[in-house]
Amino acid sequence: MTSKLAIFGGRPVRDKFLPYGQQWIDEEDIKAVLETLEGDYLTTGPKVREFEEKVADYVGTKYAVAVSNGTAALHAACFAADIKKGDEVITTPITFAASVNCILYQGGKPVFADIDTKTYNIDPKNIENKITNKTKAIIPVDFTGQAVNLDKIMRLAEKYNLIVIEDAAHAIGTEYKGQKVGSIAHMTEFSFHTVKHVTTGEGGIVTTNDKKFYENLSLFRTHGITRDRRLMVNKKEGSWYYEQLELGYNYRITDIQCALGISQLNKIDKFIQRRRELVKKYNKYLREVDGVITPYEAEYSNSSWHLYIIQIELEKFKVGRKEIFEALKAENIGVNVHYVPVYYHPYYQKLGYKKGLCTNAEKLYERIITLPLFPKMTDKDLEDVVNAVNKVLSYYKR
Ligand SMILES: *Cc1c(COP(=O)(O)O)cnc(C)c1O
């Protein structure tokens with residue numbers, strides 16, 4: 001029995017719209033923020049350092065530099081890697097534009113390498129094919145939370161003397177062969193945007209074990225200005241004196257945000273556990289559905305699951321992804337598509353990137369739908385999603 005689709009006026013599976021992602025804020029978080037508001041520092045105070053130390057501790061690195069958002073973190077990492085005009089940087093097209101824009105901010109040239117059809121992550125073989133004598137860095141993205149093949153990528157980096165900036169915006173808490181991402185690449189970026197695992201409202205961080213990178217990231221966050229006498233050109237001025245050594249930005253994060261971040265990090269294990277539990281349930285139900293491909297999990301990665309993405313085997317349906325997507329949305333399911341290949345955007349097309357560049361990525365893009373996934377989601381919410389998928393797909397089945 002299939003009831004009438006909501007898109008044709010039938011009753012939706014849910015009355016209330018279920019978003020694809022959402023933060024989980026509790027009383028402790030609110031208390032932490034209020035306490036900071038009543039304290040001496042609103043911005044750059046003790047909470048920033050405490051948050052940085054807590055993240056560095058969690059991922060297992062020496063250093064962490066927190067900034068105003070994940071995009072700023074990527075920008076800072078590109079600066080610290082000394083990416084400049086003429087340098088090529090290899091990255092994936094299946095990502096948020098920020099992973100690529102950061103290369104352009106520094107005057108570098110993005111070079112797209114195609115994805116692996118199983119993991120949807122950048123394929124190390126395709127990276128190697130794109131390396132030239134201008135290549136300076138690689139920005140691999142742990143898409144959906146699944147770690148990229150870090151052994152292979154770090155080996156390429158060593159062989160060709162490249163810097164690896166891992167975009168782990170989806171992957172805080174993910175383990176690569178038992179080791180948390182954040183401590184493996186030369187620099188790793190995380191985002192604390194509200195849909196990510198833990199949030200500061202807006203926020204980002206770069207983790208690294210390299211002191212030089214750490215110093216450059218710190219400079220970049222505050223206009224390129226230092227108060228550290230050891231780094232200064234003129235060392236004899238009075239104690240009022242500071243020096244601008246580089247052209248940086250105001251990418252500071254506030255104490256208010258970091259107070260929230262610290263409180264959120266106390267709950268990260270619970271959040272990730274719940275995400276993994278929800279994914280298990282999705283897999284169990286959706287593996288049964290003909291025409292749906294559930295996510296593949298590489299044996300080297302234990303994902304912290306930012307996104308749950310299904311592939312639709314379009315040849316089995318009478319309509320395209322667009323009709324299926326709109327029908328799910330009408331059932332009050334907050335579906336999404338991650339991502340439009342970055343070089344499809346008119347801005348990148350104007351720069352000369354042409355469709356056909358990464359065929360695996362392009363084919364994947366035609367077939368994917370992101371389903372809601374966030375720790376506060378209930379089992380009932382998940383069942384609604386599964387019911388909606390069944391309802392819509394059985395209606396459109398060939
Ligand atoms: C969220 C995200 C970022 C950073 O985004 P901000 O909103 O600036 O924190 C970078 N890369 C990817 C893949 C992301 O999903």
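Laboratory data are not the source of any read-out in this text; all were calculated from the coordinates shown. What you see is a predicted model; the values in this text were computed from it and never measured. Glycine gets a Cβ as well: all are built from the backbone with ideal geometry, and neighbour counts include every protein chain shown.
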Placing +1 on each Lys and Arg Cβ and -1 on each Asp and Glu Cβ in the chain, then taking the dipole about the Cα centre, the residue among GLY238, ILE30, TYR347 whose Cα reaches farthest towards the positive end is TYR347
Distance in Å, no decimals, from the C-alpha centre of the stretch 227-263 to the one of the stretch 371-396 is 48 Å
Quick P(r) readout (the stretch 178-240; Cα-Cα; 5 Å bins; whole %) gives 4, 14, 18, 17, 17, 12, 8, 6, 3, 1
Under the rule rounded for a/c under 1.5, else prolate if a/b exceeds b/c, else oblate, using alpha carbon gyration tensor axes a ≥ b ≥ c, the stretch 90-138 is classed as oblate
Cα-based Debye curve of the stretch 240-287 sampled at q = 0.13, 0.20, 0.21, 0.33 Å⁻¹ gives log₁₀ I(q)/I(0) of -0.61, -0.81, -0.83, -1.08
Counted neighbours (other Cβ, 10 Å), sorted fewest up, put THR132, THR119 in the order THR132, THR119
Contact order relative to length for the chain, counting C-alpha pairs under 8 Å separated by 6 or more residues, stands in percent at 24 percent
Cα pairs beyond 18 Å in the stretch 230-321, in percent, come to 71 percent
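Hey, how much of the P(r) for the chain falls beyond 38 Å, as a percent of Cα pairs? Show your work: numbers first, answer last.
Working: 18237 of 79003 pairs.
It works out to 23 percent of all Cα pairs.
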Once the dipole of the chain is set up from charges on Cβ (+1 Lys and Arg, -1 Asp and Glu), the residue from the list THR208, ALA259, ASN302 lying farthest towards its positive end is ASN302
Answer in debye to the nearest 20: the dipole magnitude of the stretch 204-334 about its Cα centre, from +1 Lys/Arg and -1 Asp/Glu charges placed on Cβ, is 400 debye
Here the Cα Rg-to-2.2 N^0.38 Å ratio for the stretch 151-200 is 1.26
Applied in sequence order to the stretch 276-281, the curve 6.51 cos²θ - 1.76 cosθ + 1.60 (Karplus, θ = phi - 60°) yields integer Hz couplings, x standing for Gly and Pro, of 5, 5, 5, 5, 4, 5
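What's the whole-number percent of alpha carbon pairs in the stretch 1-149 lying beyond 20 angstrom?
That fraction is 67 percent.
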In this structure, among LYS85/LYS136; LYS54/LYS376; LYS62/LYS180, pairs with alpha-carbon gaps over 21 Å are LYS54/LYS376
Scaled by the rule-of-thumb 2.2 N^0.38 Å, the alpha carbon Rg for the stretch 1-75 gives a ratio of 1.88
Final fewest-first order of MET187, MET154 on the 10 Å Cβ neighbour count is MET154, MET187
If every Lys and Arg gets +1 and every Asp and Glu gets -1 at its Cβ, then about the Cα centre the chain yields a dipole, in debye to the nearest 20, of 1000 debye
Checking rank on 300-313, 194-207, with mean other Cβ inside 10 Å and highest first, the result is 194-207, 300-313
Proxy exposure order for ASP210, ASP384, ASP379 (fewest C-beta within 10 Å first) is ASP379, ASP210, ASP384
Note to self: C-alpha centroids of the stretch 307-331 and the stretch 1-70 sit apart, in Å, by 28 Å
A convex hull over the alpha carbons of the stretch 92-216 yields, per residue, a volume in Å³ of 113 Å³
Taking only the Cα positions of the stretch 177-295, the convex hull volume per residue in Å³ is 160 Å³
